[in-house]
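Reviewing the structure listed below.
The values are calculated or read from the model by the stated rules, or taken from the named source; none is laboratory data. Model, not experiment: these values are computed from the prediction. Reconstructed Cβ throughout: ideal geometry from the backbone, glycine too, with neighbour counts over all protein chains shown. Quick note on the areas: whole protein, heavy atoms, side chains included, nothing else; ligands and nucleic acids left out. Shrake-Rupley method; radii C 1.70, N 1.55, O 1.52, S 1.80 Å.
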Amino acid sequence: MAPTRRTLIRSVVAGSALAALPDLALSPTPAAAASPPGDVVGKVSVGYQGWFSCPGDGAPIGGWWHWSRDRFQSPSPANTTIVSWPDMREYARGYPTAYPNLGDGRPATLFSSYDQQTVDTHFRWMQEYGCDTAALQRFNPFGDEGPTRDAMAVKVRSAAERFGRKFYVMYDVTGWTAMQSQLKEDWSTKMSAHTASPAYARQNGKPVVCVWGFGFADDGRPFAPAACLDVVRWLKAQGCYVIGGVPTYWRQGINDSRPGFADVYHAFDMLSPWMVGRTGTLDGLDWFLTNVNAPDLADCAAHGIDYQPCVMPGDLSAGHRRHGDFYWRHLYNMVRLGAQGLYVSMFDEFNEGNQIAKTSETPAATPAGTGIRALDEDGTACSADYYLRITADGGRMLKGQLALTAVRPTPPVTGGGQPPGGDLAAGRPASASSQQNGPFGAGNAVDGDRGTYWESANGAFPQWWQVDLGATGSVARLVLALPAGWEARTQTLAVQGGTDGTTFTTLTGPVGVRFDPATGNQATLTFTATPVRYLRVRFTGNTGWPAGQLAHLSAYAA
């Protein structure tokens, strides 16, 4: 299998450049633009994969396309290609998986891009959050995914027309051996027909098409400069405005770029250098601003080429996001630089963890015990739409509708506080009647890690574990869990609640609660909604070990 975008060479950068370009902060207006505003110049474009499929959705390719390594087996922690989990609340249909239940006990389901309602939902979000244009990814359509890709183009066109968005075809040449002839054939016989749509993106009066992958220094894109230049010139001869998705170091022909491609790069109407995987720090973004982005823009201006840098929210699975500060720094740097447009990578890339589409907010909405990070992974509560809202503010800043500011104006949760339906106990102070010697403290049950746990002193029931929710609020449901790999056991326990940390009333129990690895080693307890600040779980028995044990507790309002 050819290398994916995720496996490209990563760059090492250092140093901060925030103070190195004070003149750039004077105006967010693009400088020396080669083209006037259109559907990509002056606009926010988002990469749209649209490549997820599930059994039963009718997609010709069949199976769990892009959800599983083995697409003919249900996705599970051992058979997966994703590192983030989508927020599923707005999809009309979800497909059951072999993942453990979510942290709040709901079944773990995933969406299919082949469902028109899914595409409509995504394009409605684009409309609501200021994503102007979608770049529909198109891989080798002469392989087994071709018929599914053809159908996805129709679905995207329909959604773009319905929700007033623009779209264009973005060819990814990875692993496409006969690209030089087949890309021309595909454009002539299939994709060019979509330019008749009022939703098809145009720039300078020409239909937009992008080719991603020319010049990359890896085995998946071995094309010679002459073949690449031929394709660019051919597309331009068809009357197209042609964007190049090019290596990070295209201008120098080093690192991720092959040498000898300068004529190819300069033949494009717009250049959009790749950035995913290049850095995960704020200092790294500043380094690229000074050492890569600024000279890139100057080179483009000198050759009459529009500049559309890639901006990214950060890899959620690697902890790069910093609750939105990483994404905002990237947007701010590129707007203050004077970029002619922005390319967000990506809208729905749950495989690489750099998606802006709505994502699970807390462990309660994420498969239990899998280690998949939710948006609150660094302890800051974020709403599912947070990165869409940041995109909207970044677009306004690009267009001069919002003052240029290095300070992120977008709150993680609108109005502050926890997302609706969020885990009230996550990260809150916890205490216990006792703990076993070693690293088995009470805080382990609210740290979001199912691999850590609280364990009371052995052989001395009753015992209790307690959490302070920080404020009095209505609680009606708890989800309790043990480490996913533990053998089954039943713990006898009761749930108590209070407002002052001293006086408690029983909310439910005592009752025997079964923890079984076949059902994710978790259990849900519901009771009449009760105003409490302090929750206490009182343990009086355990069939698997002579102590109270708790790896995770989540608390939810009615």
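Yes or no, residue by residue, for (1) within 24 Å of K43 (Cα to Cα); (2) in contact with a Lys or Arg (Cβ under 8 Å, 6 or more places away or on another chain):
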site: Q308; (1), (2): yes, no
site: N354; (1), (2): yes, no
site: G369; (1), (2): no, yes
site: T380; (1), (2): no, no
site: A392; (1), (2): yes, no
site: P409; (1), (2): yes, no
Pairing a residue in the stretch 47-63 that is touching a residue at least 60 places away in the same chain (Cβ under 8 Å) and of a type in the set (F, W, Y) with any residue that is in a loop (DSSP other than H, G, I, E, B) and open to solvent by 30 Å² or more (accessible area, probe 1.4 Å), where Cβ atoms lie under 6 Å and the two sit 6 or more apart in sequence or on different chains, gives W51/H66; F52/H66
Taking the stretch 218-228 and keeping residues open to solvent by less than 30 Å² (accessible area, probe 1.4 Å) and of a type outside the set (G, A, S) leaves D218, R221, F223, C228
Flagged in the stretch 130-156 as closer than 24 Å to R89 by Cα and open to solvent by 30 Å² or more (accessible area, probe 1.4 Å), in numbering order, are K155
query = Is it true that some residue in the stretch 248-256 is over 32 Å from the mean Cα position of the chain (by Cα) and open to solvent by 10 Å² or more (accessible area, probe 1.4 Å)?
reply = no
When restricted to W125, W67, the only residue on the phi < 0 side of the Ramachandran plot and free of Cβ contacts under 8 Å to residues at least 60 places away in the same chain is W67
Note on the stretch 365-416: residues in a loop (DSSP other than H, G, I, E, B) and polar (S, T, N, Q) are T366, T370, T380, S383, Q401, T405, T410, T414
The residue from A523, A518 that alone is open to solvent by less than 20 Å² (accessible area, probe 1.4 Å), among the hydrophobic types (A, V, I, L, M, F, W, C) and at pLDDT below 95 is A523
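Each row is one residue, and each column tells you yes or no for (1) of a type in the set (K, R); (2) within 26 Å of T362 (Cβ to Cβ); (3) modelled with pLDDT under 95.
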{"site": "R450", "(1), (2), (3)": "yes, yes, yes"}
{"site": "L493", "(1), (2), (3)": "no, yes, no"}
{"site": "G501", "(1), (2), (3)": "no, yes, yes"}
{"site": "L507", "(1), (2), (3)": "no, yes, no"}
Here the residues within the stretch 458-476 that are in contact with a Gly (Cβ under 9 Å, 6 or more places away or on another chain) and either small (G, A, S) or surrounded by fewer than 18 Cβ atoms within 10 Å (Cβ to Cβ) (or both) are F461, P462, D468
When L424 is run through (1) open to solvent by less than 40 Å² (accessible area, probe 1.4 Å); (2) within 23 Å of R533 (Cβ to Cβ), the failure sits at (1)
Flagged in the stretch 273-327 as touching a residue at least 60 places away in the same chain (Cβ under 8 Å), charged (D, E, K, R) and not in a loop (DSSP other than H, G, I, E, B), in numbering order, are D283, D286, D306, D325
Considering the stretch 193-208, residues that are open to solvent by less than 30 Å² (accessible area, probe 1.4 Å) and not in a helix (DSSP H, G or I), and then whichever is nearest to F268 (Cα to Cα), we arrive at V208
Among residues of the stretch 435-446 being buried (at least 17 other Cβ atoms within 10 Å of the Cβ) and farther than 18 Å from G497 by Cα, the residue modelled with the lowest pLDDT is Q436
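Being within 19 Å of the chain's Cα centre (by Cα), more than 15 Å from A365 (Cα to Cα) and not hydrophobic (A, V, I, L, M, F, W, C) is the filter here; which residues of the stretch 70-96 pass it?
Within the stretch 70-96, P75, S76, P77, T80, T81 meet the criteria.
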The condition of being crowded, with 24+ Cβ neighbours inside 10 Å, among the charged types (D, E, K, R) and modelled with pLDDT of 95 or more holds, among R321, R389, R336, only for R321
Aliphatic (A, V, I, L, M) and not in a loop (DSSP other than H, G, I, E, B): does that describe I356? no
- Does any residue of the stretch 256-268 turn out to be outside any loop (DSSP other than H, G, I, E, B) and in contact (Cβ under 8 Å) with a residue 60 or more places away in the chain? no
Within the stretch 292-328, of all residues that are within 23 Å of V407 (Cα to Cα) and charged (D, E, K, R), the one nearest to the chain's Cα centre (by Cα) is D315
Review point. Would you call G215 touching a residue at least 60 places away in the same chain (Cβ under 8 Å) and either open to solvent by less than 20 Å² (accessible area, probe 1.4 Å) or farther than 16 Å from K184 by Cβ (or both)?
Key: no
